[in-house]
């Protein structure tokens, strides 16, 4: 993968975001950045993609339109999964109580760059 794409992901892994992974629709990790001994989201990449797809299916079935992102919060972490095109997702692992909205905004700001690099 390109060093530019890795740099974009490293820019997303900051403050309360401990790990970021770019995932393919097939459940494989394309690129991963982990800092501070955080849990690597690529270890559950296929499960995260399946979870997103099931959520998207439910949203469409309820006439809710297309799903942009999914959040899962627990007592020890928060997961954010964002669609970055028809064949890729970005997964971020945040500290418990992390600012998911800020992480979502950061992904939205660099989404075009990511899709351009995947090109």
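Just so it is clear, none of the values below were taken in a lab; they were calculated from the coordinates. In this text the structure is predicted, and so the values were computed from the model without any measurement. Note: ideal-geometry Cβ built from the backbone for every residue, glycine included; neighbour counts use all protein chains shown.
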Dividing the mean separation of Cα pairs under 8 Å (6+ apart) by the residue count of the chain yields a relative contact order in percent of 27
A correct fewest-to-most ranking of 89, 69, 57 by other Cβ atoms within 10 Å would be 57, 69, 89
Given (i) 34; (ii) 49; (iii) 31 as candidate values of percent of Cα pairs over 21 Å apart, which corresponds to the one derived from the coordinates? (iii)
Using the number of other C-beta atoms within 10 angstrom as an exposure proxy, rank 62, 67 with the fewest first. 62, 67
222 nm [θ] for the chain, helices only, -39500 (n - 2.57) per DSSP H run of 4+, per residue, to 500? -12500 deg cm²/dmol
Rounded to whole Å, give me the distance from the Cα center of the range 6-24 to that of the range 61-114. 12
Alpha carbons only, please: Rg and Dmax for the range 50-119, in angstrom. 12.8, 37
